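So that we are looking at the same thing, I have put the structure below in C-alpha coordinates.
The values are calculated or read from the model by the stated rules, or taken from the named source; none is laboratory data. Predicted model only: the values in this text are computed from it and were never measured. Using ideal geometry, Cβ is built from the backbone for each residue, glycine included, and neighbour counts are taken over all protein chains shown.
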Amino acid sequence: MKVEIWSDVVCPWCYIGKRRFEAALAQFEHANEVEVTWRSFELDPGAPRVQTEPQAERLATKYGVSLEQVKGMNARLIGEAKKEGLDFRLEEAIGGNTFDAHRLIHFAAESGRADAMKERLMKAYFTEGVAIGERAELMRLAVEIGLDEDRVKAMLSAEEFAEAVRADEARARAFGISGVPFFAIDERYGVSGAQPAEVILEALNQAYGESRLVAVTGDAGAGQCDDGSCAI
(Lines give C-alpha, C1' and ligand atoms only; values in the text may rest on other atoms or scores of the structure.)
Protein backbone atom coordinates (compact mmCIF):
# COMPACT_ATOMS: atom_id res chain seq x y z
CA MET A 1 0.00 0.00 0.00
CA LYS A 2 1.34 3.41 -0.97
CA VAL A 3 0.50 6.58 0.95
CA GLU A 4 1.56 9.89 -0.56
CA ILE A 5 1.38 12.94 1.70
CA TRP A 6 1.33 16.44 0.27
CA SER A 7 2.33 19.06 2.84
CA ASP A 8 4.50 22.09 3.52
CA VAL A 9 7.05 22.34 6.32
CA VAL A 10 5.60 25.68 7.49
CA CYS A 11 2.01 24.43 7.58
CA PRO A 12 0.88 23.96 11.21
CA TRP A 13 -1.94 21.57 10.30
CA CYS A 14 0.55 19.50 8.30
CA TYR A 15 2.64 18.89 11.43
CA ILE A 16 -0.48 18.08 13.44
CA GLY A 17 -1.66 15.85 10.59
CA LYS A 18 1.68 14.07 10.54
CA ARG A 19 1.26 13.10 14.18
CA ARG A 20 -2.31 11.95 13.61
CA PHE A 21 -1.23 9.88 10.61
CA GLU A 22 1.54 8.29 12.68
CA ALA A 23 -0.99 7.43 15.40
CA ALA A 24 -3.28 5.84 12.81
CA LEU A 25 -0.43 3.89 11.24
CA ALA A 26 0.59 2.56 14.65
CA GLN A 27 -2.88 1.01 14.95
CA PHE A 28 -3.05 -0.30 11.37
CA GLU A 29 -2.63 -4.08 11.24
CA HIS A 30 -0.79 -3.95 7.91
CA ALA A 31 1.55 -1.06 8.72
CA ASN A 32 4.57 -3.08 7.56
CA GLU A 33 3.08 -3.05 4.05
CA VAL A 34 2.73 0.73 3.89
CA GLU A 35 5.18 2.81 1.88
CA VAL A 36 5.01 6.51 2.79
CA THR A 37 6.16 9.13 0.28
CA TRP A 38 6.37 12.82 1.16
CA ARG A 39 5.21 15.12 -1.64
CA SER A 40 6.03 18.81 -2.01
CA PHE A 41 3.48 21.60 -1.69
CA GLU A 42 4.42 25.28 -1.29
CA LEU A 43 1.82 27.40 0.45
CA ASP A 44 3.57 30.58 -0.67
CA PRO A 45 5.89 29.94 -3.64
CA GLY A 46 6.61 33.67 -3.94
CA ALA A 47 7.82 34.09 -0.37
CA PRO A 48 11.29 35.61 0.15
CA ARG A 49 14.02 33.37 1.48
CA VAL A 50 13.47 34.83 4.96
CA GLN A 51 10.38 36.69 6.22
CA THR A 52 11.53 39.67 8.27
CA GLU A 53 8.07 40.74 9.45
CA PRO A 54 7.09 39.23 12.82
CA GLN A 55 4.73 36.27 12.56
CA ALA A 56 1.81 37.92 14.37
CA GLU A 57 1.98 41.12 12.33
CA ARG A 58 2.27 39.18 9.08
CA LEU A 59 -0.83 37.12 9.90
CA ALA A 60 -2.77 40.18 11.02
CA THR A 61 -2.11 41.81 7.65
CA LYS A 62 -2.83 38.60 5.74
CA TYR A 63 -6.16 37.87 7.43
CA GLY A 64 -7.16 41.49 7.97
CA VAL A 65 -7.53 41.00 11.73
CA SER A 66 -6.10 42.55 14.88
CA LEU A 67 -3.00 41.36 16.70
CA GLU A 68 -5.23 40.22 19.56
CA GLN A 69 -7.21 38.06 17.16
CA VAL A 70 -3.98 36.57 15.83
CA LYS A 71 -2.97 35.71 19.38
CA GLY A 72 -6.28 33.90 19.78
CA MET A 73 -5.78 32.02 16.51
CA ASN A 74 -2.27 31.03 17.58
CA ALA A 75 -3.51 29.90 20.98
CA ARG A 76 -6.04 27.56 19.37
CA LEU A 77 -3.41 26.09 17.07
CA ILE A 78 -0.98 25.66 19.96
CA GLY A 79 -3.72 23.86 21.89
CA GLU A 80 -4.41 21.47 19.00
CA ALA A 81 -0.69 20.81 18.61
CA LYS A 82 -0.31 20.11 22.32
CA LYS A 83 -2.93 17.36 22.09
CA GLU A 84 -0.58 15.60 19.66
CA GLY A 85 2.49 16.10 21.84
CA LEU A 86 3.83 19.04 19.81
CA ASP A 87 5.31 22.19 21.33
CA PHE A 88 4.40 25.01 18.95
CA ARG A 89 6.14 28.34 19.57
CA LEU A 90 4.47 30.27 16.81
CA GLU A 91 5.56 33.68 18.03
CA GLU A 92 9.17 32.64 17.36
CA ALA A 93 8.54 31.19 13.89
CA ILE A 94 10.59 32.76 11.08
CA GLY A 95 8.77 32.25 7.80
CA GLY A 96 10.38 32.03 4.40
CA ASN A 97 10.48 30.26 1.07
CA THR A 98 10.30 26.47 1.41
CA PHE A 99 11.41 25.37 -2.07
CA ASP A 100 14.92 24.42 -0.90
CA ALA A 101 13.48 22.58 2.11
CA HIS A 102 11.38 20.46 -0.25
CA ARG A 103 14.42 19.78 -2.43
CA LEU A 104 16.25 18.65 0.70
CA ILE A 105 13.47 16.19 1.58
CA HIS A 106 13.73 14.65 -1.89
CA PHE A 107 17.49 14.40 -1.44
CA ALA A 108 17.06 12.72 1.95
CA ALA A 109 14.63 10.23 0.40
CA GLU A 110 17.48 8.77 -1.65
CA SER A 111 18.98 7.40 1.56
CA GLY A 112 15.66 6.49 3.17
CA ARG A 113 15.64 9.54 5.47
CA ALA A 114 12.80 11.61 4.04
CA ASP A 115 10.63 11.23 7.14
CA ALA A 116 13.52 12.12 9.45
CA MET A 117 14.27 15.19 7.34
CA LYS A 118 10.61 16.25 7.25
CA GLU A 119 10.33 15.87 11.03
CA ARG A 120 13.54 17.79 11.68
CA LEU A 121 12.50 20.67 9.43
CA MET A 122 9.07 20.97 11.03
CA LYS A 123 10.43 20.85 14.56
CA ALA A 124 13.04 23.47 13.66
CA TYR A 125 10.40 25.82 12.27
CA PHE A 126 7.58 25.36 14.76
CA THR A 127 9.55 24.82 17.97
CA GLU A 128 13.05 26.25 17.57
CA GLY A 129 12.53 29.47 15.61
CA VAL A 130 14.84 28.40 12.79
CA ALA A 131 14.77 30.43 9.57
CA ILE A 132 13.67 27.58 7.35
CA GLY A 133 14.56 29.40 4.13
CA GLU A 134 18.22 29.87 5.02
CA ARG A 135 20.48 27.38 3.24
CA ALA A 136 23.03 27.40 6.05
CA GLU A 137 20.30 26.32 8.47
CA LEU A 138 19.02 23.67 6.06
CA MET A 139 22.52 22.25 5.75
CA ARG A 140 22.92 22.18 9.54
CA LEU A 141 19.64 20.32 9.99
CA ALA A 142 20.51 17.85 7.24
CA VAL A 143 23.84 17.03 8.85
CA GLU A 144 22.06 16.51 12.17
CA ILE A 145 20.08 13.60 10.70
CA GLY A 146 23.21 12.05 9.21
CA LEU A 147 23.38 13.42 5.67
CA ASP A 148 26.77 14.20 4.20
CA GLU A 149 27.63 17.89 4.61
CA ASP A 150 29.56 18.27 1.35
CA ARG A 151 26.89 16.47 -0.63
CA VAL A 152 24.13 18.59 0.91
CA LYS A 153 26.06 21.80 0.22
CA ALA A 154 26.56 20.83 -3.41
CA MET A 155 22.92 19.88 -3.79
CA LEU A 156 21.60 23.12 -2.31
CA SER A 157 24.03 25.20 -4.38
CA ALA A 158 22.78 23.61 -7.59
CA GLU A 159 19.26 22.96 -8.86
CA GLU A 160 19.09 19.29 -7.89
CA PHE A 161 15.60 17.95 -7.19
CA ALA A 162 13.98 21.19 -8.34
CA GLU A 163 12.12 19.26 -11.03
CA ALA A 164 11.02 16.67 -8.47
CA VAL A 165 9.45 19.42 -6.36
CA ARG A 166 7.71 20.92 -9.39
CA ALA A 167 6.49 17.48 -10.46
CA ASP A 168 4.92 16.92 -7.02
CA GLU A 169 3.15 20.25 -7.25
CA ALA A 170 1.94 19.59 -10.78
CA ARG A 171 0.59 16.23 -9.67
CA ALA A 172 -1.22 17.90 -6.79
CA ARG A 173 -2.90 20.24 -9.27
CA ALA A 174 -3.83 17.29 -11.48
CA PHE A 175 -5.46 15.59 -8.48
CA GLY A 176 -7.31 18.80 -7.60
CA ILE A 177 -5.41 19.23 -4.33
CA SER A 178 -5.63 22.86 -3.23
CA GLY A 179 -4.92 22.52 0.49
CA VAL A 180 -2.65 20.51 2.74
CA PRO A 181 -2.15 18.14 4.37
CA PHE A 182 -3.58 15.73 1.84
CA PHE A 183 -3.12 11.97 2.10
CA ALA A 184 -3.52 9.91 -1.09
CA ILE A 185 -3.80 6.16 -0.56
CA ASP A 186 -2.96 4.01 -3.58
CA GLU A 187 -4.20 6.87 -5.77
CA ARG A 188 -7.75 5.75 -4.94
CA TYR A 189 -8.55 7.26 -1.56
CA GLY A 190 -7.98 10.80 -0.39
CA VAL A 191 -7.95 12.10 3.17
CA SER A 192 -8.11 15.89 3.15
CA GLY A 193 -6.91 17.92 6.11
CA ALA A 194 -5.56 16.97 9.54
CA GLN A 195 -8.30 14.45 10.24
CA PRO A 196 -8.42 12.59 13.58
CA ALA A 197 -6.34 9.42 13.73
CA GLU A 198 -9.45 7.23 13.73
CA VAL A 199 -10.62 8.75 10.43
CA ILE A 200 -7.24 8.12 8.82
CA LEU A 201 -7.21 4.58 10.20
CA GLU A 202 -10.65 3.95 8.73
CA ALA A 203 -9.39 5.12 5.32
CA LEU A 204 -6.36 2.83 5.55
CA ASN A 205 -8.53 -0.15 6.42
CA GLN A 206 -11.01 0.64 3.67
CA ALA A 207 -8.29 1.09 1.05
CA TYR A 208 -6.62 -2.14 2.09
CA GLY A 209 -9.81 -4.13 1.89
CA GLU A 210 -11.27 -2.75 -1.33
CA SER A 211 -10.01 -2.66 -4.88
CA ARG A 212 -12.31 0.01 -6.32
CA LEU A 213 -13.96 3.28 -5.33
CA VAL A 214 -12.49 6.71 -4.84
CA ALA A 215 -13.43 8.44 -1.60
CA VAL A 216 -12.61 11.67 0.14
CA THR A 217 -12.75 10.80 3.82
CA GLY A 218 -13.81 13.03 6.64
CA ASP A 219 -14.87 16.63 6.91
CA ALA A 220 -13.43 18.65 4.04
CA GLY A 221 -13.33 21.61 6.41
CA ALA A 222 -10.93 19.92 8.82
CA GLY A 223 -7.67 21.61 9.72
CA GLN A 224 -5.96 22.53 6.48
CA CYS A 225 -3.80 25.20 4.90
CA ASP A 226 -4.08 26.56 1.38
CA ASP A 227 -2.58 29.48 -0.51
CA GLY A 228 -0.65 30.46 2.57
CA SER A 229 -3.74 30.54 4.77
CA CYS A 230 -4.73 28.14 7.53
CA ALA A 231 -8.19 27.34 8.81
CA ILE A 232 -8.28 27.94 12.54
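Filtering region 32-44 down to residues that are of a type outside the set (S, T, N, Q) and exposed (fewer than 13 other Cβ atoms within 10 Å of the Cβ), which residue is farthest from the chain's Cα centre (by Cα)? Break it down stepwise before answering.
Start the filter on region 32-44 by keeping residues that are of a type outside the set (S, T, N, Q), which leaves 33-36, 38-39, 41-44.
Still in the running and exposed (fewer than 13 other Cβ atoms within 10 Å of the Cβ): 33, 35.
Details: GLU33: 22, GLU35: 17 Å.
Here the residue is GLU33.
Another question, if that's okay. Yes or no: ALA203 within 20 Å of the chain's Cα centre (by Cα), outside any strand (DSSP E or B) and modelled with pLDDT of 95 or more?
On the way: within 20 Å of the chain's Cα centre (by Cα): yes; outside any strand (DSSP E or B): yes; modelled with pLDDT of 95 or more: yes.
Considered against the rule, which asks whether it is within 20 Å of the chain's Cα centre (by Cα), outside any strand (DSSP E or B) and modelled with pLDDT of 95 or more, ALA203 comes out as yes.
Enumerate the helices (runs of 4 or more DSSP H) found wholly within region 47-110, keeping only those where 1 or more residues are over 26 Å from ARG151 (Cβ atoms), out of contact with any helix residue (DSSP H, G or I) (no Cβ under 6 Å at 6 or more places or on another chain) and aromatic (Phe, Trp, Tyr). Give the derivation first.
Working: elements: 55-63, 67-83, 99-109.
Of the helices (runs of 4 or more DSSP H) lying wholly inside region 47-110, those with at least 1 residues that are over 26 Å from ARG151 (Cβ atoms), out of contact with any helix residue (DSSP H, G or I) (no Cβ under 6 Å at 6 or more places or on another chain) and aromatic (Phe, Trp, Tyr) span 55-63.
Looking only at region 26-46, which residues are under 24 Å from ARG171 (Cα atoms) and not charged (D, E, K, R)?
Scanning region 26-46 gives VAL34, VAL36, THR37, TRP38, SER40, PHE41, LEU43, PRO45, GLY46.
Out of all the residues in region 70-105, which are among the aromatic types (Phe, Trp, Tyr) and either farther than 30 Å from GLU159 by Cα or without any contact (Cβ under 8 Å) to a residue 60 or more places away in the chain (or both)? Talk me through it step by step, then tell me what you get.
Quick first cut of region 70-105, residues among the aromatic types (Phe, Trp, Tyr) only: 88, 99.
Selection gives PHE88 alone.
For (1) of a type in the set (S, T, N, Q); (2) within 30 Å of GLU187 (Cβ to Cβ); (3) modelled with pLDDT of 95 or more, each residue gets a yes or a no:
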position: ASN32; (1), (2), (3): yes, yes, yes
position: THR37; (1), (2), (3): yes, yes, yes
position: GLN51; (1), (2), (3): yes, no, no
position: GLU68; (1), (2), (3): no, no, no
position: LYS82; (1), (2), (3): no, no, yes
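Looking at this structure, is ARG140 basic (Lys, Arg), without any contact (Cβ under 8 Å) to a residue 12 or more places away in the chain and surrounded by 14 or more Cβ atoms within 10 Å (Cβ to Cβ)? Step through it out loud before you land on a result.
Values: basic (Lys, Arg): yes; without any contact (Cβ under 8 Å) to a residue 12 or more places away in the chain: yes; surrounded by 14 or more Cβ atoms within 10 Å (Cβ to Cβ): yes.
Judged against the criteria, ARG140 is a match.
Pairs please, first residue from region 181-206 and of a type in the set (Ser, Thr, Tyr), second anywhere and at pLDDT below 95, Cβ atoms under 6 Å, 6+ apart in sequence or on different chains.
TYR189/ALA207; TYR189/ALA215; SER192/VAL216; SER192/ALA220
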